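The block underneath contains the structure these notes are about, expressed in structure tokens.
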Amino acid sequence: MSKTIAIFGAGTGLGISTARRFGREGYQVALIGRRPHALGTLISQLTEQGINAAAFPADLAQTSSVPGLISEISIRFGDVIAYSPVSTNSFIPATELTANVMQSYLNLYLLTPIEIVRQVLPSMIEKRHGAILMTLGSSAVHPSPFMSGVGPAMAAVRNYVHSLHGEVAGKGVYVGTLLVGALILGSAWHRELTSGESGVPAGVASVDPDLLATVLWDLFSRRDRIEARLPVAG
């Protein structure tokens, strides 16, 4: 039976790198993102590299659409779930945060992944096989002034994932997180920040998405820790 991974929030940074890393291990890949044309470009790149991939356009901020989306995807994919969406909302000062604004962050970073897990976990437990990998920003554990909104939502889902890990680890299902404290090269944020410039702005740390994808693979394959952080503090 073919091994599969579904990558939610797939893009030109970590998403495509994760697809390539798992693809080299023989995994078929499902890419989920908002822009059909962009997904098509990624699928073409993977196909050229001999990786079997399919695209599923979807807005992950629309939590109510998750059951139908998972039903469509799970016909072919479902061994590994990798969730690493990019929000269209930037950071916001805590003094400006409102309940309505916060709802959009919660949908994307907390409620949708909870609903995805609710849909896929019973089958994983029944088969005693599967993994859920969540990529988060460092603001989930290191809150900073003027950088709210995303951080509280990520902190909440990190709490959820840590609890989930302890509940399903003995049932054959791995749950883990990757915390990223740097700009991912090649990502949408990277392109926006460097538009019209020669490189990453001074003082902004950056990280290679291929390295992050390798860490995700190590978390999944070794299953010896719940969380990894990059860059490593030293």
Practice problem: Pull up segment 131-157, narrow it to residues that are open to solvent by less than 50 Å² (accessible area, probe 1.4 Å) and of a type outside the set (A, V, I, L, M, F, W, C), then point me to the one that is modelled with the highest pLDDT. | Solution: Thr135
Exercise. Write out, first by first residue and then by second, each pair whose Cβ atoms fall under 9 Å of each other, whose residues are 6+ apart or on separate chains, and whose first residue, in segment 110-125, is within 15 Å of Ala82 (Cβ to Cβ) while the second is basic (Lys, Arg) and assigned to a helix (DSSP H, G or I).
Key: Met124/Lys171
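Which residues, counting only those in segment 17-39, are open to solvent by 30 Å² or more (accessible area, probe 1.4 Å) and of a type outside the set (A, V, I, L, M)? Steps first, please.
First, the residues of segment 17-39 that are open to solvent by 30 Å² or more (accessible area, probe 1.4 Å): 20-21, 24-26, 28, 34-38.
Of everything in segment 17-39, those that are open to solvent by 30 Å² or more (accessible area, probe 1.4 Å) and of a type outside the set (A, V, I, L, M) turn out to be Arg20, Arg21, Arg24, Glu25, Gly26, Gln28, Arg34, Arg35, Pro36, His37.
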Quiz item: Among the residues of segment 85-101, is there at least one that is among the small types (Gly, Ala, Ser), touching a residue at least 40 places away in the same chain (Cβ under 8 Å) and surrounded by 18 or more Cβ atoms within 10 Å (Cβ to Cβ)?
Solution: yes
Quiz item: Condition test on Ile132, is it of a type in the set (A, V, I, L, M, F, W, C), in a helix (DSSP H, G or I), in contact (Cβ under 8 Å) with a residue 40 or more places away in the chain and touching a strand residue (DSSP E or B) at 6+ places or on another chain (Cβ under 9 Å)?
Solution: no
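Against the definition (open to solvent by 40 Å² or more (accessible area, probe 1.4 Å) and under 19 Å from the mean Cα position of the chain (by Cα)), how does Arg128 come out, yes or no?
no
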Practice problem: Check whether at least one residue in segment 9-20 is part of a loop (DSSP other than H, G, I, E, B), closer than 22 Å to Asp210 by Cβ, under 16 Å from the mean Cα position of the chain (by Cα) and among the aliphatic types (A, V, I, L, M), and report yes or no. | Solution: yes
Practice problem: Mind telling me which of the residues Ala99, Ala82, Ala94 ends up being touching a Leu at 6+ places or on another chain (Cβ under 6 Å) and at pLDDT 95 or above? | Solution: Ala82
Exercise. Determine whether segment 195-216 contains at least one residue that is under 23 Å from Pro113 (Cα atoms) and either modelled with pLDDT under 90 or in a loop (DSSP other than H, G, I, E, B) (or both).
Key: no
Practice problem: State all residues of segment 40-63 that are open to solvent by 70 Å² or more (accessible area, probe 1.4 Å) and either under 25 Å from Val173 (Cα atoms) or touching a strand residue (DSSP E or B) at 6+ places or on another chain (Cβ under 8 Å) (or both); if no residue qualifies, say none. | Solution: Thr47, Asn52, Pro57
Quiz item: Looking at (1) within 24 Å of Val161 (Cα to Cα); (2) at pLDDT below 95, can you tell me which one Met1 breaks?
Solution: (1)
Self-check item: First in segment 220-232 and surrounded by fewer than 16 Cβ atoms within 10 Å (Cβ to Cβ), second anywhere and at pLDDT 95 or above and among the hydroxyl-bearing types (Ser, Thr, Tyr), Cβ under 7 Å, 6 or more apart
Solution: Arg223/Tyr174
Quiz item: Is it true that Tyr174 is within 26 Å of Val204 (Cα to Cα), buried (at least 19 other Cβ atoms within 10 Å of the Cβ) and of a type in the set (Ser, Thr, Tyr)?
Solution: no
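Of these, Gly50, Gly23, which one is under 19 Å from Ile132 (Cα atoms), more than 13 Å from the chain's Cα centre (by Cα) and modelled with pLDDT of 95 or more? Step through it out loud before you land on a result.
Numbers: Gly50 fails: under 19 Å from Ile132 (Cα atoms).
It is Gly23.
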Exercise. Mind listing just one residue for me: the one in segment 55-84 that is in contact (Cβ under 8 Å) with a residue 60 or more places away in the chain and not in a loop (DSSP other than H, G, I, E, B) and, of those, nearest to the chain's Cα centre (by Cα)?
Key: Tyr83
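The values are calculated or read from the model by the stated rules, or taken from the named source; none is laboratory data. None of these values were measured; they are calculated from a predicted model. Heads up, the Cβs are rebuilt from the backbone with ideal geometry, glycines too, and the neighbour counts pull from every protein chain shown. Keep in mind that these areas ignore ligands, DNA and RNA; they rest on the heavy atoms of the full protein, side chains included. Shrake-Rupley method; radii C 1.70, N 1.55, O 1.52, S 1.80 Å.
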